[in-house]
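The structure under discussion appears below in the form of structure tokens.
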Ligand code: UTP
């Protein structure tokens, strides 16, 4: 490469778009750094960037709610009438068949920065299980193993990372020997990044020869699945459906035959699980219908009067909350990537570490842009929603303490284990406040669902107060 010539062309390009500061440390750089910064700049699509700056960075317009927003309908966790019962039974059968034929793969998005948790390393390596201290990745891997054994099949696992944690994540898997899974059945790939901006629309520098970037959001998974070759890999294996979840949800039921079956019976392209929100202001996205299409509206974008609006029976109109659990058809990912894939971008004002004009490291408020996977929902020809029970399937670890923390997730793991055991007739000691007076952990190899406990009662010892019990 003729560096001088490339430099001149790049400088011209940057001037056109008002970003010439990106080369302001040029005289101080060695030749490797010069090559690196030029390569980073040449990868950027300045036409798009100019558009984003205008739309999301400088002239940011608050989310405008469509007037014809109505509540989305959903399948209840259990069938409600005989017709429903028949459909659920059919869906479960179909879901089981699809899993056992290897048509369903696991897909975890783990490219986030996990700033709130403040854990050193990939979030998936966070130890969470209450007795054995298993990490999130280990719990998922053991679940995938147990499902593969139960259905006598191979369930591949797609793991999305970002350039910020890819090498570390691969090392975590390698050093744990892929948690007993075959390496060739774990496909780890990276999502893309987007540059960070100052409030006045300048791209920030992380260092003198490095543009400040962050992962392009979980919505980046749709493009990354395609560009990384994951879709091609799915095709080769005959995988047709991805079971999508977030890395911090330790209670995820990765292979749910009912969910998979309903998705397929209703010819959906992307489907979701939902919870009934704890209250109108719970900070999770809201499922709505806009122009007949399922949308998730962020809690911050739903006006209070709509959030608090009630049905005649007293329930909230917008009671369905999104918990980032989806089934995504491979054909849908292919379709989205065949066209001009453009999920909207969302702006977040965050503290960003970068260098200032003098080259000193500073941390100041800047703008990060990201896309959200649920913005693909309205692009699906059909999309179903299945309600689930919070205590069975949703225990996010977002924060170090308090709400949605490791502590609350561990409590929920123990609580779910207690309720599964009690449903099978086992006595679990409880405290006065009703919480279990013991620490319980059920390995996926022991039970993947409540019903699996009944056949293993002979392996469960009597549980005394303060016991620590691990069932495997
Ligand atoms: P969160 O919104 O919780 O973000 O991501 P986060 O980055 O993990 O944590 P904070 O906000 O910095 O504290 C929800 C899920 O989406 C994934 C995360 O890894 C998590 O599983 N994600 C998020 C990505 O895979 N890529 C992204 O760019 C953003």
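None of the figures in this text is laboratory data; all of them are computed from the coordinates on show. Remember, predicted model here, so these are calculated numbers, not experimental data. Cβ atoms come from the backbone with ideal geometry, glycine included; neighbour counts cover every protein chain shown.
Taking 0.36 nm per residue of separation and subtracting the Cα-Cα distance, full extension of the segment from residue 6 to residue 61 would add 16.1 nm. DSSP finds beta bridges in the chain, and of those with both partners inside it, around 60 percent are antiparallel. Between residue 291 and residue 311, the simple spin-label model (points 7 angstrom out along Cα→Cβ) gives 2.7 nm.
For segment 59-213, the Stokes-Einstein estimate of translational diffusion at 25 °C and a viscosity of 0.890 mPa s comes to 125 µm²/s, using the Kirkwood hydrodynamic radius over alpha-carbon pairs. The value of relative contact order for the chain, using C-alpha pairs under 8 Å at least six residues apart, is 19 percent. Placing a pseudo-label 7 Å from each Cα along the Cα-to-Cβ vector at residue 116 and residue 39 gives an inter-label distance of 3.6 nm.
Between the helical axis of 406-423 and the longest alpha-carbon principal axis of the chain there is an angle of about 20 degrees.
Site pair residue 93 and residue 450 shows an inter-label distance of 2.3 nm when each label is modelled 7 Å from Cα along Cα→Cβ. Subtracting the Cα-Cα distance of residue 15 and residue 176 from their residue separation scaled by 0.36 nm leaves 53.1 nm.
Distance between the C-alpha centres of segment 417-448 and segment 1-69: 55 Å, rounded to the whole angstrom. By definition, a body whose alpha carbon gyration tensor gives a ≥ b ≥ c is prolate when a/c is 1.5 or more and a/b is larger than b/c, and the chain fits this prolate description. By how many degrees, 0 to 90 and rounded to 10, does the Cα axis of helix 166-175 deviate from the longest principal axis of the chain? Rounded to the nearest ten degrees, it is 40. Nearest 10 degrees, 0 to 90: what angle lies between the long axis of helix 31-43 and the longest principal axis of the chain (Cα atoms)? With both axes taken from Cα atoms, the answer is about 70 degrees. Protection proxy ranking of 405-414, 369-378, 172-181, by the mean of other Cβ atoms within 10 Å over each peptide's residues and highest first, is 369-378, 405-414, 172-181.
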